[in-house]
Structures are given as structure tokens and as C-alpha cells.
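The values are calculated or read from the model by the stated rules, or taken from the named source; none is laboratory data. In this text the structure is predicted, and so the values were computed from the model without any measurement. Using ideal geometry, Cβ is built from the backbone for each residue, glycine included, and neighbour counts are taken over all protein chains shown. The accessibility values were calculated without ligands, DNA or RNA, using every heavy atom of the protein model including side chains. Shrake-Rupley method; radii C 1.70, N 1.55, O 1.52, S 1.80 Å.
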Amino acid sequence: MLSLNRVSKFYKIGTFGGKELAAVRDVSFDVNRGEVVSLIGESGSGKTTIGKMVLKLIEISRGSITFDGTDVAGIKGGAVKSYYREVQGVFQDPFSSYNPIFKADRVFTMIRSEYYPEMSRSDWDAKVETALAGVSLEPDQVLNKYPHQLSGGQLQRLLVARALLLDLKFLVADEIISMLDASTRIDVLNLLAELKDRGMGILFITHDLSLGNYISQKTVILRRGVVVEMGATDKVFGNPTHPYTKVLISSVPQLHKKWAEVEAEIQAHGGDHDGVCLYHEAYPPTGQAGDGPGDRPAMVKVEDDHFVGCFDLGQGICKA
Amino acid sequence: MSLQVTDLRVYYRTLAGDVKALDGATFSIADKEIMGLAGESGCGKSTLGNSLIRLDGRMKYIGGSVNLDGNELPIWDQTGMNEFRFKQVSVIPQYAMSAMNPTRKIGKMIGELVESRGISYEEIKSELDRRVDLVGLDEDVLNRYPMELSGGMKQRMVMVISTLLDPSLLIADEVTSALDVSTQRAVAETLVSFRDHGFVKSMIVITHDVSILYQTADTILIMYAGKLAEKAPTKTIIEKPLHPYTRMLISSLPEVGVRYETKKLVGIPGSPPSLLNPPTGCRFRARCPLAFAKCAEEPPFIKIANDHEVACWKATGSDA
Ligand SMILES: Nc1ncnc2c1ncn2[C@@H]1O[C@H](COP(=O)(O)OP(=O)(O)O)[C@@H](O)[C@H]1O
Ligand SMILES: Nc1ncnc2c1ncn2[C@@H]1O[C@H](COP(=O)(O)OP(=O)(O)O)[C@@H](O)[C@H]1O
Ligand code: SF4
Ligand SMILES: [Mg+2]
Ligand SMILES: [Mg+2]
């Protein structure tokens, strides 16, 4: 339903905007209906930039994003409102989305005046109740309360509920779990998974690999604005092939395995077949760095549903 | 025994009354022990850590004692603590990285710090250089300003500074929390190496991330709502916890390998009580699936096996 086709974003920086920073380069991936795709990368890798382009909050510098076949950049005027009826975002810090001097449910009334001005009071109340039930909140727990009277988890769920008031088909969830405590984290994750089960497409942005691994069907690993590895989540995590992915996975603190053990396992087999990297098997190195179309190596299929673009081509990091 | 804390109580004065953030903590830490301290945000972790070194104006000492290497620490006395602070017990506060004075070069700042403790910069300079090198930083960092360092570099520098005088006890409060995974691992492993090198005798590592503790800590102390819930060796806390809160907390954590599709995790329903007027009896009672009549009384934190302490009537077998 959502498709990124060689999307790039260049920010103008410097005093006169004379320099350009390539925050996202040539990124392509799809998110289907009823699918969670996790977009994983360290801070500054361009995750939020991609989310903002999908949400039309910033312009796309190059390439295109389509939603159900429509070019997102071309959506203008009244059509923008219909786009936001179907595509919404929820961001990291739930507190910053609320004005502390207004009650938290004001975020709902704003949707009503914007999208449903004609709706009767009782129909609206019923709609709110359904949306709250969808995120497992009791109306009397959260309605008519100020933001400081609610927990981070409740505020975050209210924001998802607000999105549900629309005919939402697609959600961009940008680090929405990071600010939450362990015991409420899993509830919000499960909530996203249930929305997915009901057909929603979700772009799940995170720097936390274990969260992405838990919830998503597909994983995209971003490094400095470039996709280095992507595919079915179990393949990317079970058989990490790009050296960067390996570093990330072996650095995640696990609960039953020490770092050293994980590292040893990945060294032993993760992507290396008899010492030959899967990527290099498909794409034998020529000894020149940056080999491949343009200045980046192409994404190569290393197995079904698993693609890798290797940066260290020819630099001897893998035993090619 | 290096640290013995007995029935320590520290509250915050507020207009609405006292916030009972640390309400009777009794535990000890052995020589060479790295004790992890975990629990939901707001449960009193930072209050416990800070109370061993500096009570700020709003913290009120209510009672209890802290004994370090046989010396009673006068924690209620700001000036009396000067003799111990930094030399005997040192802290890396939460948000230490952003608290570094931006107008001072790092070397100069260290000079001022040690001189305030009656030690000349020249005296410690060669040891400082050795440790800077040991954590993988260039000696040149001493001539730079804090803002010129990346998050991970700053965090390592803060660790070197706070342990420069070989304190007996180091308290590290959320030092890995704001970092990317690969940096997080480096910082956590550096903490352990400081203990191994004998720069500190024992350590309290505070974090909301239990999986980091699995990687670094010898023992884990779990807090809930201003009270101690359970303390045991790391492996026991992760694999055979006894307190219902610890059990629910551990089983709600997604880790690499656990997927929503195959194993749906559940959170802990409800939220922690207010510490302004905490409930009597067991503070976990409202959320505990095992609660019974006896839990209206406060469960004592008692030893149920060698190295294993817990505060729960069910776990201590008092439910007959
Ligand atoms: N408005 C902006 N102007 C200039 N540079 C920006 C802007 N927003 C983000 N960047 C830069 O783009 C890169 C990617 O940022 P971002 O998309 O926020 O990454 P992430 O969400 O993965 O942390 C970073 O180097 C960041 O500094
Ligand atoms: N300066 C303060 N004034 C009043 N209450 C405070 C203050 N600092 C912390 N608290 C309260 O004390 C409790 C424990 O806080 P803290 O020790 O920071 O928890 P943690 O580090 O586990 O997140 C919380 O309920 C918090 O709201
Ligand atoms: S004392 Fe009672 S309420 Fe508290 S944790 Fe144990 S069983 Fe649950
Ligand atoms: Mg971001
Ligand atoms: Mg804290």
C-alpha cells in the first residue's frame, strides 16, 4: 500500500543554506496492508526524515512515495485532508503532543471539528468510545483529565486512539515506545500488532532491535541514510549478513545470552557460508571500494526475502 | 562487606506533603560486587543512588544508616560528606553528560575538581592519561571542550573522571540509557573493566533496562514504589525470580528471538501507586495477581536463601 521508490532527502545546511546534507539516500521499500515494517537505525540515520516524508511534513528531494498507487508528493489542496484521514503519525514524546493547559482529550475534539463537524453528539461519543476500546482504555480513566494526570503509556495510547477516529489505513509510529516503561511498552507493542491484524499498515521506526524483532514482519536496516540490509524479519535477525547489521545485533543486550556468546554465534555462521559472505557470493568483490551502480553497491538478493547492500565490498572486512 | 545500608528513608518535601520515595531500604554490597538496581521509572532508584552521596535541598533524611568500609557516612550532613564524596563514594548522575561545564576544557575542569579535594593535577596526570587511553580516548580530549565530544566519548570521559581517585563505591545512574546500541555496549563493558582494574571496589548500576544488567551485574536489586522487592544473583533474578513483580517484569521484556506471532508477551496491568500517600501493606497489592488477605500487612524484606532476599508473603511461604 505504501511504496518508497529510490527516495532521497537533502537538507540545506550552513549559514546560507549553501551546503547539502544527504540525510536519506536512494531508499526503496514497501509496506503492505496488514504488515508491520520496522525501520531500524542508530540516531541520525534518517529514520524520522523518512517518516516525515511519508507524512508529507517535509518535501521529498528525489524519488517518489506512493500510497495505494497515488503519488504522495502530488497530493494537494483538499486531497491532503483525505490523505490524513488514512495516514497518520504518532511520535516519540507523548507529552509534547499535548498542551498542558488543556485537557488531554482536546486532541479528540480537534479531530471532530476538523473532520466530523456534522456528526451528532451521541454518534461522536460512541465513536470515541470505540476508539478508546481499540486501545484498551476506559473512558472515565482518561477523558476529562489533564495530561499530567495521565501516565506516558496512557497518553501514547490516546494518540493512537486519536488516529483511530479517522478511517486510518496507515500509521507511522516513530519511536513511540522509547519513553515508556517496560511494563507498558509491551501493551503498546501488542496494540500495534492488533491493529496490523485488522489490516493496518504500520511503519515502525525504532533504534531498539528487540522491539522491531518482536513486532515486525519485515525489517529495514538503515545506516547513514542508506539501506544496508532488509527482508523478512526472521531472516535479517537469524542470518545477518551485512557487517553493520552484525555489529548491531551483537551489541543488543539480551536477557539470556551474554554479548560474547552472541558475537561468537554470529561469527560462527551468521551469513558466512564456509567463510564466504552471502553478499559476496552473489556479488564477488573486485577489490574496489564502492563498487556497484553509482557510488553504492546494489542491493543483492542473498536468499528469498533477504537483500543486502554491502558497503565494505573489497575492504576485506568480510572473508570474501 | 563494603557497603551496608540499613533502613534508609529519604522523602521529598512538597507542598502536597512528603513523597515517600525511599521508604526503608536495607541491603549490602560485597567487595567487587556490581549490583544492578532496576524498576519502573519513579520507583526511587535515583533517590537511593543520590542519597548515598548528596541530599539536595528538597530531599529530607528521615532515618537509617549507611556504612561504607566500616565508616558511618554522615549522609544528612552536606559538609560532613565532603570528606567522602568523590574520594570514597562517587556518582555518575543521570544526565551527567549534559551537566559538564561547557566553558571549561576537560583537562582544566579535572584539575579544578581534584584540587578542590587537595590533590594537585600533576600528581594524578599520568594516571589520568593512562585511563583516558584505557577507555579508548585520545589524550588530546583533555584539551577539548565537552561539546566537541560525541555522546559515547563524553560518557566514557565522565566515567574516568568520577573514578579517578579510586573510590570504594561508584554509583552509575542510567549511564547507558541515551546511547545507541553499539556505544551502549562499549560503555557498559567499560564499567565492568573499571571494577576488574580495581579503580572502584564495588558499584551500583542503575538502569530501567534489565537486559543491560544481565550483561554487566553480579547481583540485581529490584525496587517497587519506594521499597525493595527482591535482591539475588543476576542469573536467579532473570531465571528464577520469586517476587510476583519481578516475575511479571522479566516476562514482559521482548528480547531478540521473541516474536509477537509465536509468543505474545503480556504487560503488568495498572500502574504504580502515588508515593505521596502510598497504600499500606504490600505496595504491589493492587496489581498483584497473587494478593491475599495477609498482603494488607507490609511484607518484610527477608533472606529466603543464601544471597536471595525478597519482600512478599507468598514467596516467603507465609500464606498457610
Ligand atoms: N531540518 C533539518 N535540517 C538539517 N538537517 C537535518 C534536519 N532534520 C534532520 N537533519 C539531519 O538529518 C540526519 C537524519 O536525521 P533524522 O531523520 O532525525 O535521523 P533519526 O530519526 O534516524 O535519528 C541527521 O544527520 C540530522 O542531523
Ligand atoms: N525533587 C522532587 N520533588 C518531589 N518528588 C520527587 C522529586 N524527585 C523525585 N521525586 C519523586 O520521587 C519518586 C522517585 O523518583 P526517582 O528516585 O527519580 O525514581 P527513578 O530514578 O526510579 O525513576 C518519584 O515518585 C518522583 O516523582
Ligand atoms: S506480598 Fe502479597 S501482594 Fe505483595 S507481591 Fe506478595 S503476594 Fe503480591
Ligand atoms: Mg528520529
Ligand atoms: Mg532515575
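Listed by first and then second residue, the pairs with beta-carbon distance under 8 Å, at least 6 apart or on different chains, first residue in region A:71-97 and farther than 12 Å from A:A173 by Cβ, second assigned to a helix (DSSP H, G or I) and open to solvent by 50 Å² or more (accessible area, probe 1.4 Å), are A:K81/A:E114. Of all residues in region A:1-17, those satisfying the criterion of being in a strand (DSSP E or B) and open to solvent by less than 40 Å² (accessible area, probe 1.4 Å) are A:L2, A:S3, A:L4, A:V7, A:S8, A:K9. You will find that of B:Y245, B:Y214, the residue that is within 16 Å of ligand 3 (Cβ to nearest atom), of a type in the set (S, T, Y) and either under 19 Å from B:A21 (Cβ atoms) or in a helix (DSSP H, G or I) (or both) is B:Y245 and no other.
Go through region A:227-251 and report how many residues are buried (at least 21 other Cβ atoms within 10 Å of the Cβ), over 20 Å from A:L4 (Cβ atoms) and among the small types (G, A, S). Qualifying residue count, region A:227-251: 1. For the residues A:T245, A:T241, A:T184, A:T219, the requirement of being outside any helix (DSSP H, G or I) and within 12 Å of chain B (Cβ to nearest Cβ) singles out A:T219.
Listed by position, the helices (runs of 4 or more DSSP H) enclosed by region B:1-106 that each have at least 3 residues that are in contact (Cβ under 8 Å) with a residue 24 or more places away in the chain are B:45-51. Selection of region B:250-278 for residues being within 16 Å of ligand 2 (Cβ to nearest atom), without any contact (Cβ under 8 Å) to a residue 60 or more places away in the chain and open to solvent by less than 50 Å² (accessible area, probe 1.4 Å) yields B:I268, B:P273.
This table checks each residue for (1) away from ligand 5 (no atom under 15 Å from the Cβ); (2) under 27 Å from A:L222 (Cβ atoms).
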site	(1), (2)
B:V175	no, yes
B:V181	yes, yes
B:F199	yes, no
B:L213	no, no
B:M223	no, no
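Within region B:206-216, the set of residues being within 13 Å of chain A (Cβ to nearest Cβ) and open to solvent by less than 10 Å² (accessible area, probe 1.4 Å) comprises B:T207, B:V210, B:I212, B:L213.
Taking region A:160-181, which residues are away from chain B (no Cβ under 14 Å) and assigned to a loop (DSSP other than H, G, I, E, B)? Across region A:160-181, the qualifying residues are A:L165, A:L166, A:D167, A:L168, A:K169, A:I176. Report whether or not A:R157 is over 15 Å from the mean Cα position of the chain (by Cα), away from chain B (no Cβ under 14 Å) and assigned to a helix (DSSP H, G or I). Here the answer is no, as A:R157 does not meet what is asked. All of (1) surrounded by 19 or more Cβ atoms within 10 Å (Cβ to Cβ); (2) more than 30 Å from B:S182 (Cα to Cα) hold for A:N144 with one exception: (1). What residue, among those in region B:138-171 that are assigned to a loop (DSSP other than H, G, I, E, B) and of a type outside the set (S, T, N, Q), is surrounded by the most Cβ atoms within 10 Å (Cβ to Cβ)? It comes out as B:P167. For B:A286, are the conditions met, namely being open to solvent by less than 50 Å² (accessible area, probe 1.4 Å), without any contact (Cβ under 8 Å) to a residue 40 or more places away in the chain and in contact with a Pro (Cβ under 9 Å, 6 or more places away or on another chain)? Judged against the criteria, B:A286 is not a match.
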